[in-house]
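Have a look at the structure below, then the notes.
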Amino acid sequence: MTAGSSPPAFTLQTSSHPLYTNPALADICMGCGSCAGACPISGIDSMDPRKLIRMATLKMEKELLSLDWPWKCTLCGRCEQACPVGVEIVELIRTLRSTRKRALVPGSIQLGGTTCLEQGNNIGIPKDDFLQVLHELQEETKKCTGPDSSVPIDVRGSRLLITVNSKIPFVEPENLQWWWRIFYAAGESWTIPADNWEAVNWGFFSGDDDAARTMVGRIVDNLERLSCQALLLPECGHAAHATITGLQRWFPEALKQYTIYTALDLLTEYIDTKRIRINKGLCYERTTYHDPCHYSRNDWVTPAGNSAEQARKITRTCCPNFIEMTPNRRDSYCCGAGGGTMATPFEAERIFHGRIKARQIRETGARVVVTSCPTCRDQLQAVLNREFELDIKVRFPWQLVSEALLPAEKQP
Amino acid sequence: MRPEHKPKIIAFCCNWCGYAAADLAGIQRIQYPDSLRIIRVMCSGMVHPEMVLHALNKGADGVMIIGCQLGECHYIDGNEKAMARAELIDELLEDFGFENDRFLITRLSSSESEQFARTVGTMHKRVLELGPNPNSNQDNGDTP
Amino acid sequence: MATPDEHNRRLSDRRAIHIAYAQAVPLTYCIDSDLCLHLNGTGHCSRCSDACPADAVDFLMSAQENTIRVGAIIMAPGFSPYNPQGKGSWGYGVLDNVITSPEMERLLSSCGPTSGRLLRPSDNRPVKQLAFIQCIGSRDPHPCGHGYCSSVCCMTAIKEAMIARDNDCELEVTVFYSDMRTHGKGFDRYFQRASDKQIRFTRCRPHGIEPAGKDGALRVRTINEQGRQLEETFDLIVLSVGLEIQEPTIQLASLAGIHLGPEHFASTSSFQPVLSSKKGIYICGAFSGPKNISLSIEQGSAAAAAAASLLMSRRDTKTRKLRLPPAQPPAAAVKTGVFLCHCGNNISETINLETVRKQISVLKSVSHVEEVLFGCSQDTRELIIDLVRSLGLNRIVIAACSPKTHEALFRRTIREAGLNEYLLEMANIRNHDSWVHALDPDAATDKAVDLIKMAVAAVMLKRPVTANTAAVKQTALVVGGGVTGMTAAINLADQGFPVDLVEKTDRLGGNGLNLHRTWNGEHVPPYIKKLQAQVLDHPGITVHFCATVLDAGGHAGNFHTTIRDHKEHRRIITHGAGIIAVGGKRSLPDEYGYGKIPGVVAAVEFDALHIYNDIRVSRGSSFVFIQCVGSRDETHNYCSRVCCTHSVQSAIELKKEDPNRQVYILFREMRTYGLRESLYNRALELGVIFINYEQFGKPKVKSHDEQITVEVWDHILHRPLHIMADMIILASGILPNPDAGRLASLFRVNIDEDGFFQEAHPKLRPVDLPTDGLFVAGLAHAPKPIEESISQALAASARAATLLSQKEICLDAVKAVVDDKHCDGCALCIDVCPYQAITPLETIDADGEQHKLVAVDTMRCTGCGICQGTCPKRAINVVDFTYEQLTAKIEAALN
């Protein structure tokens, strides 16, 4: 029994405002503890997935909604994968997020979502500023792609529609340049919409389904407006996941009408059909690959469902001195910053979560870590690198491909 | 250098309880001293007092009779008769100059394997403390 | 050509030509035709054939198809262990030091690939930290696809852990479990013993295994009972894999046309647990649901009883009788053959049999010493017969296990060789030597030599004895008219054996009269009515109502039991076999306000209230079940086995009637074992809330102003909960029949420390009582649900029928014999004989002199030898235990 004062007793009663009706969200739990063992942040706020599910089963709604823990969770899905009876834990957490009063949503998640609804992108970049920065980037890129290359904006009839992560144009513009070089080398017909170009769907994080639906709808509108044939999903793992599940839920006809690519699908297609050629073995440093949650464990929603292998093929081609982290693929650990937590003030918790990933990286002895999600990249490069003195460089597969492209003249 | 004396204890175990308990101790791998030599009898009442004496005369360091718990004898009251004979045996032992402690009669049930092992252990210790039976022929270097 | 050896769970290799395993029958080599170069067509190898001096290799032997016409089929295809390769995150097949429980059996076995030493597969280093993970492939619908409980793995893991720790007391062992399902007879105590041996049990299910570093160590991250996340490292992890039915068995079922349930187990009715969906096809063992050895054995016998009843009209039309050669006349010189059994490795791993052989060979009467691997195997028995005949052996010593195990078998063996079966003595060098002196092999070897010398000395003095035969009274007595008693009686009577059924009350049905549904929802009352009618109408069954047993005597084939009926008349019933089915008693709670607070009822009472829609139930909106009331406590240290399932079923009904009801089950371990697990899942789905009170102590039930409150700590949130309850249902346990002790002493059998009847062997002879011809079944044996009682009843019936189907049996010849020369008729033996089997006798010899003697009635004599212990003249001796033989043993032991 406990020493000192006893925690307060809770009186069990039927709930008048049930959080959920589907027993798969909590009731079927046997209390085995697999989820709590699998979760990297068990113990934070003395909470773990099992306790959360238990509180839901016991109808402790008020206490549940007052917790910040669901916002410290990265929705990585390790718990759900571990569960022997199939409790839909991620869905439970999203339900808690979605039910919480909007004013109590931590950090800038809700704000970002609202801004996007009002202004078309999460950080409220005005249209003119956006177009301006694209033009400036285009000038720079011409040095590599040739004087007659251009950034197609709002070009009707383009094959491929692109979305842009709003933090990129002003903060990390090189991300755009990598893709543009690849598109040019592949001779791709592509376009960026001038409005509603935001890739990141924060409605998904805040549990605001209406907002999430609106944002996905804007992408569909752009596809229709610009008569595109295909969509390149955003690179960011959650964004890809949010967009494609949004299409599945709310716009299923769009799935039949348009070809949907993840970033890795597209790169793989270019390489396999020889639309681009890359120089093998450009990087000989010991390299490992970090599986983002949405490109491994939750990969079953993507069209090919093969992201882990696609990414590895590209990585190994460019970096032959490759070593795996253990565990990997569907058993991989989250970087610690997914699920919207990057936009919350819970940095200490993100670092705590990432300690396992940091240990994995250190155990490989790798100097280069390749990953396919920008949030993962930020967490590994900026936060874990610093906190755990890992001394690593983090790269994207499209970055590797872009740097390894054989010049256009040499293409047949 | 005289070889170390290895005590030998003859134990008459009744088929239904004592012997069965020893079998069960084996199944459960309960270890006990190796001085024991079990002779199966159908009932502890089958053991004639002269047999106990005979064993001691021939050099046994200890003699045990292990029968069923009172009220549980397979042959109704054979174990009680054995108990009654025990007094006679004690007298015989005195007459022939053997320590009373060299003879033990006890009761257990067929499931009491741990008790069996403990009893053997107690007897073994007793017999070590008493020292070798003067009739023991191990001194002749006749190690088995 | 080499390939992984399936018997050693692929931990070692075997050749194409091989013996499957040491206990194979027949113990001969066979060729794996897929691997053999000659037979699979890839090469022209014939090395085995060339090497064989007996020309026994025949490559042309091929499979033959035969058609057999039968009246009944018994299917016992068993189960396959679940294969965790590529499933979940266990790393099995990738991480070398993750093994399954069957592989662990091989590692721990002294006949296994490491001769019983626990070494890490990755590098053969000794294991210091061992862990077991339970529920692999069971209770795991999500990745693995099996929701049921495999019911045996908890005990298997505890057993393996105990053996591992016994072999190395420095070994640290952890068992990760979710519910500890040790609900069988004696199993909870076994679990407690394991905890006492510092085996650490922690209630938590690890989700996966990762490597820890590069040297093969394994890492597991779990949540402990205090809610803290722990990372632990182990050298070896055993996955306790479940039981499943695989494709070849599914196809076999399809061929047979029998129905399989959703998890591919054969479907049966609770009331006919060994009958498949097709008449005439019976099933037993794990095929109908995961179960352990004793239940499988019971079902095996039960299937035999059911088939025998079906085929009653054709009994004995095709039976072959064993023809024994005439017994040889006794030879002048004694020639003793000694057989030293290795018992696999059980004996030879400790005792140096080579040393023993040398020392025994030089004994005077010993003319042959033979080492054998398994004395009890078919091959060895044929060898013994062969040697007896060819070498003229006329005394046999088997140095092996206990005579209580196989003496009867070896007696039959030498009888088949033409030798009188009493010219045999066994030396117990296993149970009394190798197994108990494992730490000192030299001492064990010395002792073995002594024990064999004792046996040799005694067997030399044995003389051929002819046993009397006695007619078997081909009728049975069944004590107890509940479901078990009725089932056994009907089956025996159907097989043509008249039955006397003794029932204490004035109606049939026993405890079954309180039941309504079986675990899978079958309706009990109509079934009981059917049974009652069958019993009362059956010409072969005589029911004695309001009758109790007053006295019992006799032996197998000829018992006489005295009963007193309702008119106070005494009646003696003679019968060849007896089945004790006196049932149990439900316990009445004495806690939680039972009897004081009106809303607190016992489970059996609640059933009735529920069915009759008592207002407390129909208006109730909050129900709390409390498990383990009067079970698994200090005074009743056993599990009553049925209560978890029963409460879960009640809870499901309550919720189905009104989903808005709150239903709580407060438990210690949830024991919805086997296929019953589906009920647990269903209850969870319907919103029943389960709270485990094992860690924080018993709940408190209070009543204030007619409102009942239950206070209990939540085992996950570690905080107190208050439940406002309308009714509390106490799952109280099953007690033994209070009369069991008295009956046991009448029948000269034992009850165990909990008051239930003690069977002859807990695993291998679950329905036999230690006295031949008497059997036990049902609650009298241990708490169990109705379908297991029915299986046991049929099993007991099968065992009884085996005896009753013989017209006569050989009595044991181990009886007292008077030595006329030394007896002086002092009659001291007459007083002490418990059976009044000795009477005074006067004879007149050839010279006309009168002699006083005593005479023994061999029918009454039981061979106890109390007379022998009393006789001052050593003139009365029990065969095989004569004064001379016992003395010879003493002297041989002491040299």
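The values are calculated or read from the model by the stated rules, or taken from the named source; none is laboratory data. Quantities reported herein were computed from a predicted structural model and do not represent experimental measurements. With ideal geometry, Cβ positions are generated from the backbone for all residues, glycine too; neighbour counts draw on all protein chains shown.
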Matching residues, region A:71-92, being crowded, with 24+ Cβ neighbours inside 10 Å and either under 19 Å from the mean Cα position of the chain (by Cα) or of a type in the set (Val, Ile, Thr) (or both)
A:71, A:73, A:74, A:75, A:76, A:78, A:79, A:87, A:89
From the set of residues in region C:850-895 that are among the acidic types (Asp, Glu) and more than 38 Å from the chain's Cα centre (by Cα), which is nearest to the other protein chains (Cβ to nearest Cβ)?
C:891
Residue by residue through region B:12-38, note down the ones that are under 15 Å from residue B:125 (Cα atoms) and more than 7 Å from chain C (Cβ to nearest Cβ).
B:33, B:35, B:36
Counting only helices (runs of 4 or more DSSP H) wholly inside region A:1-88, the ones holding at least 2 residues that are more than 28 Å from residue C:709 (Cβ to Cβ), more than 7 Å from chain C (Cβ to nearest Cβ) and in contact (Cβ under 8 Å) with a residue 60 or more places away in the chain are A:69-72, A:78-82
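To keep it simple, each residue is scored yes or no on (1) among the aliphatic types (A, V, I, L, M); (2) surrounded by 20 or more Cβ atoms within 10 Å (Cβ to Cβ).
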site: C:480; (1), (2): no, yes
site: C:485; (1), (2): no, yes
site: C:510; (1), (2): no, yes
site: C:513; (1), (2): yes, no
site: C:528; (1), (2): yes, yes
site: C:545; (1), (2): no, no
site: C:551; (1), (2): no, no
Counting only residues in region A:325-346 that are over 26 Å from residue A:203 (Cα atoms) and more than 10 Å from chain C (Cβ to nearest Cβ), the one nearest to the chain's Cα centre (by Cα) is identified as A:329
Going through region B:49-77 one residue at a time, which ones are at pLDDT 90 or above and either in contact with a strand residue (DSSP E or B) (Cβ under 7 Å, 6 or more places away or on another chain) or assigned to a strand (DSSP E or B) (or both)?
B:52, B:55, B:56, B:60, B:61, B:62, B:63, B:64, B:65, B:66, B:67, B:68
Take the residues in region C:637-655 that are away from chain A (no Cβ under 14 Å) and of a type in the set (D, E, K, R); name whichever of them is farthest from residue C:586 (Cα to Cα).
C:653
Those residues of region C:424-452 which are β-branched (Val, Ile, Thr), more than 9 Å from every other protein chain (Cβ to nearest Cβ) and farther than 20 Å from residue C:336 by Cβ amount to C:445
List the pairs whose first member sits in region C:748-769 and is at the interface with chain B (Cβ under 9 Å from one of its Cβ atoms) and under 16 Å from residue C:298 (Cα atoms), whose second member is assigned to a loop (DSSP other than H, G, I, E, B) and among the charged types (D, E, K, R), and whose Cβ atoms are under 9 Å apart, counting only residues at least 6 apart or on separate chains?
C:758/C:752
So which of C:620, C:593 ends up being buried (at least 20 other Cβ atoms within 10 Å of the Cβ) and part of a loop (DSSP other than H, G, I, E, B)?
C:620
Return yes when residue B:59 is within 9 Å of another protein chain (Cβ to nearest Cβ) and touching a Ser or Thr at 6+ places or on another chain (Cβ under 6 Å) and no when it is not.
yes
Going by the conditions given, is residue A:219 of a type outside the set (Ser, Thr, Tyr) and either assigned by TED's automatic domain parsing to the domain that holds residue A:373 or part of a strand (DSSP E or B) (or both)?
no
Could you say which residue among B:87, B:99, B:72 is more than 9 Å from every other protein chain (Cβ to nearest Cβ), out of contact with any His (no Cβ under 6 Å at 6 or more places or on another chain) and either crowded, with 24+ Cβ neighbours inside 10 Å or more than 20 Å from residue B:9 (Cβ to Cβ) (or both)?
B:87
Considering C:632, C:641, which residue is within 15 Å of residue C:785 (Cα to Cα), in the same structural domain as residue C:699 (by TED's automatic domain parsing), assigned to a loop (DSSP other than H, G, I, E, B) and not acidic (Asp, Glu)?
C:641
Residues satisfying the stated conditions in region C:832-867, i.e. of a type in the set (D, E, K, R) and part of a loop (DSSP other than H, G, I, E, B):
C:845, C:847, C:849, C:857, C:860
Checked A:259, A:214, A:245, A:273 against criteria (in contact with a strand residue (DSSP E or B) (Cβ under 6 Å, 6 or more places away or on another chain) and polar (S, T, N, Q)); the one match is A:259
Being within 22 Å of the chain's Cα centre (by Cα) and surrounded by 24 or more Cβ atoms within 10 Å (Cβ to Cβ) is the filter here, so list the residues in region C:402-430 that pass it.
C:430
Of the conditions (1) surrounded by fewer than 23 Cβ atoms within 10 Å (Cβ to Cβ); (2) modelled with pLDDT of 90 or more, residue C:781 fails just one. Which one is it?
(1)
Residue ID - nearest to the other protein chains (Cβ to nearest Cβ), chosen from residues in region C:222-247 that are free of Cβ contacts under 8 Å to residues at least 40 places away in the same chain and under 37 Å from the mean Cα position of the chain (by Cα):
C:223
Being buried (at least 17 other Cβ atoms within 10 Å of the Cβ), touching a strand residue (DSSP E or B) at 6+ places or on another chain (Cβ under 7 Å) and over 30 Å from residue C:554 (Cβ atoms) narrows it down to one of C:888, C:893, so name that one.
C:893
With the requirement that a residue be touching a strand residue (DSSP E or B) at 6+ places or on another chain (Cβ under 8 Å) and part of a helix (DSSP H, G or I), what does region A:361-384 give you?
A:361, A:364, A:376, A:377, A:380, A:381
Please identify the pairs in which a residue from region A:193-216 that is in contact (Cβ under 8 Å) with a residue 12 or more places away in the chain has its Cβ atom under 7 Å from the Cβ atom of a residue that is of a type in the set (Ser, Thr, Tyr) and part of a loop (DSSP other than H, G, I, E, B), counting only partners at least 6 apart or on another chain.
A:197/A:163; A:198/A:163; A:198/A:166; A:199/A:163; A:200/A:166
Could you check how many residues of region C:165-180 are charged (D, E, K, R) and either in a loop (DSSP other than H, G, I, E, B) or outside the structural domain of residue C:205 (by TED's automatic domain parsing) (or both)?
3
Checking the structure you have, find out if any residue of region C:219-232 is in a loop (DSSP other than H, G, I, E, B) and among the aliphatic types (A, V, I, L, M).
no
Search region C:190-209 for residues that are within 10 Å of chain A (Cβ to nearest Cβ) and pair each with any residue that is assigned to a loop (DSSP other than H, G, I, E, B) and of a type in the set (Lys, Arg) when their beta-carbon atoms are under 8 Å apart and the residues are at least 6 apart or on different chains.
none
Quick check: anything in region C:196-204 modelled with pLDDT under 95, outside any strand (DSSP E or B) and buried (at least 17 other Cβ atoms within 10 Å of the Cβ)?
yes
